[in-house]
Amino acid sequence: MSTASLIPTIKTLEKYFDILNEKFFESALSKPIITLHEGAKAKAFGWVTVKPVWQDNKTKTEYIELNISCDYLNRDIINILGTLHHEMIHIYNLQNNIQDCSRSNNYHNRNFKTACEQHGL
């Protein structure tokens, strides 16, 4: 009897993170921990944390989290990869100290739009 696992889905997202990072960001983005989580943010296809929330105990390297909502994994792969790319724009802006959302993080601003245009989204 086989057991269900999200590991193949996460590995696929990690692979596409690397592909998109190379193509649209010249591999400049720090790799996040990619997670699949449900319902933490109503109606959100994905999100990133604004500060590191994961740490490698051996190296003490810290990582932000990029989450793809498992509530929406039934969408077409192109839409899921669009969400991944969208969240990567947020990572780019975080790394470059560019505020791309309102203070409450409810709305994207012009900085986000500009970064999207510069990075193929």
Trypsin sites (Lys or Arg not before Pro) within segment 1-78: DSSP coil, no more than 15 neighbouring Cβ in 10 Å: K41, K43, K58, K60, R75
Cα Rg, Dmax, the chain, angstrom units: 14.5, 51
For the chain: lysine pairs under 18 Å (alpha-carbon distance), excluding those fewer than 8 apart on one chain: 9
Helix 7-25 axis, angle to the chain major axis (alpha carbon atoms, nearest 10°): 30
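For the chain, calculate the relative contact order in percent as a whole number, restricting contacts to Cα pairs under 8 Å that are 6 or more residues apart. The partial results should precede the final answer.
Values: 137 pairs, mean separation 26.9, N = 121.
Value for the chain: 22 percent.
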Accessible area (Å², 1.4 Å probe, nearest 10) - I98: 60
Degrees, to the nearest 10: 77-95 long Cα axis against longest axis of the chain: 50
Within the chain, helix-based [θ] at 222 nm, where runs of 4 or more DSSP H residues each add -39,500 (n - 2.57), nearest 500: -13000 deg cm²/dmol
Rounded percent of accessible protein surface that carbon and sulfur make up, the chain, 1.4 Å probe: 51
DSSP loop GluC sites (Glu not before Pro) with at most 14 other Cβ within 10 Å excluded, longest remaining stretch of the chain: 39-121
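The values are calculated or read from the model by the stated rules, or taken from the named source; none is laboratory data. Keep in mind the model is a prediction, meaning the values are calculated, not measured. All Cβ positions, glycine included, derive from the backbone under ideal geometry; neighbour counts span all protein chains shown. Only protein heavy atoms, including side chains, enter the accessible area calculation; ligands, DNA and RNA are left aside. Shrake-Rupley method; radii C 1.70, N 1.55, O 1.52, S 1.80 Å.
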